[in-house]
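These notes concern the structure reproduced below.
Here, each number is a calculation from the coordinates, and none is a lab measurement. Since the structure is predicted, the reported quantities are computational estimates derived from the model, not experimental observations. Quick reminder, even Gly has a Cβ in these numbers, built from the backbone with ideal geometry, and neighbours come from all protein chains shown.
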Amino acid sequence: MQRKYFIRSVSFILAAFVVYFSMSFILKGSEPTSVKAATIEPVKAATIEPVKVSKIAGYVPANTYKADAFPLQTFERYVESSYQAAGLAQSGLSLETFREAVTGYHNMMSAGLLSKEKPLVTVIDFNQSSKKRRLWVIDMEAREVLYNTWVAHGQGSGGEFATTFSNTPGSYQSSLGFYLTRGTYEGKNGNSLKLEGLDTGFNTNALQRYIVVHGAAYANADGIKVNGRLGRSQGCPALPLDLAQPIIKTIKNKTLLYIDGPSKTYSSSYLDIEQAALCLSMDKKGEDHLQA
């Protein structure tokens with residue numbers, strides 16, 4: 001009887017072990033994969049720096065702190081800081097006209113039109129009275145005014161103020177817009193600087209019309225005292241005799257000259273401020289062509 005009980009006990013114990021190990025195997029094999037997945041470290045994609053893509057074909061970011069996501073804000077800070085550093089408000093040039101000139105400067109620079117050895121912007125503001133010194137030659141790298149003097153407008157454009165503008169030969173009117181300075185020649189007004197007009201329909205006849213920078217006896221303070229206004233030209237931006245040659249020598253050969261004035265129709269591809277903002281941040285070599 002005892003032997004029979006012992007056999008039953010051993011059988012029961014063996015059966016229990018079999019059941020235990022079987023259940024352990026089943027439970028281990030059916031363990032949810034989510035438990036293991038929960039221990040996987042999260043992907044760090046959120047820490048990857050965004051790629052800054054230029055909208056201008058062929059351009060690459062100069063560096064991560066210049067080619068930022070807000071080029072217009074960077075451009076505006078650059079314009080305002082340059083304006084203040086050069087003391088342009090004190091000398092009478094408006095921020096709006098300066099911004100337009102600088103916009104054209106960067107677009108022309110990116111197009112390869114301008115000399116990299118002469119970072120100059122010459123601005124003529126025909127919104128102002130001819131009695132004012134309304135021409136500025138500005139060094140954009142040094143952020144200083146090299147010259148600020150009188151400049152005549154065409155006799156067909158108005159009296160004290162220039163109010164009308166034309167690209168037509170024989171009109172004796174001044175022409176608005178962006179110009180590229182060329183070389184010099186000896187003309188009836190002495191050594192004169194050729195200007196190539198870049199804005200179709202507004203100043204592209206400048207070479208044909210002989211619209212040039214030259215000196216003139218009527219473009220000085222004495223004429224203002226006598227006539228109540230500056231003397232007028234046949235459409236040329238004429239300068240005082242004592243400053244004409246120094247200015248011509250400084251700005252000749254591939255620098256920018258911008259003539260602003262009252263007009264509801266003037267437009268220019270060089271006034272694309274979004275493109276200029278991108279051009280400030282980067283160039284084709286991956287180097288900033290000016291410090292912001």
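On a 32 Å Cα-Cα criterion, which of the cross-link pairs Lys131/Lys264; Lys188/Lys264; Lys131/Lys194 come out too long?
Working: Lys131/Lys264 24 Å; Lys188/Lys264 34 Å; Lys131/Lys194 25 Å.
The answer is Lys188/Lys264.
How large are Rg and Dmax for the range 81-147 when only the alpha carbon atoms are used, in Å?
11.8, 36
Sort Glu160, Glu186 by Cβ crowding within 10 Å, fewest neighbours at the top. Mind showing how you got there, number by number?
Numbers: Glu160 17, Glu186 8.
Sorted ascending by nearby Cβ count, the order is Glu186, Glu160.
Which percent of the Cα-Cα distances in the range 179-259 go past 15 Å?
Values: 1807 of 3240 pairs.
Of all Cα-Cα distances in the range 179-259, 56 percent exceed 15 Å.
For the pairs Lys225/Lys254; Lys116/Lys225; Lys132/Lys254, note any where the Cα-Cα span goes beyond 31 Å. Don't jump to the answer; show the numbers that get you there.
Details: Lys225/Lys254 35 Å; Lys116/Lys225 40 Å; Lys132/Lys254 27 Å.
Beyond 31 Å between Cα atoms: Lys225/Lys254; Lys116/Lys225.
Just to be sure I follow: if Rg is taken over the C-alpha atoms of the range 71-281 and Rh is the Kirkwood radius over the same atoms, what is Rg/Rh?
Working: Rg = 15.9 Å, Rh = 16.9 Å.
On the Cα set of the range 71-281, Rg over Rh gives 0.94.
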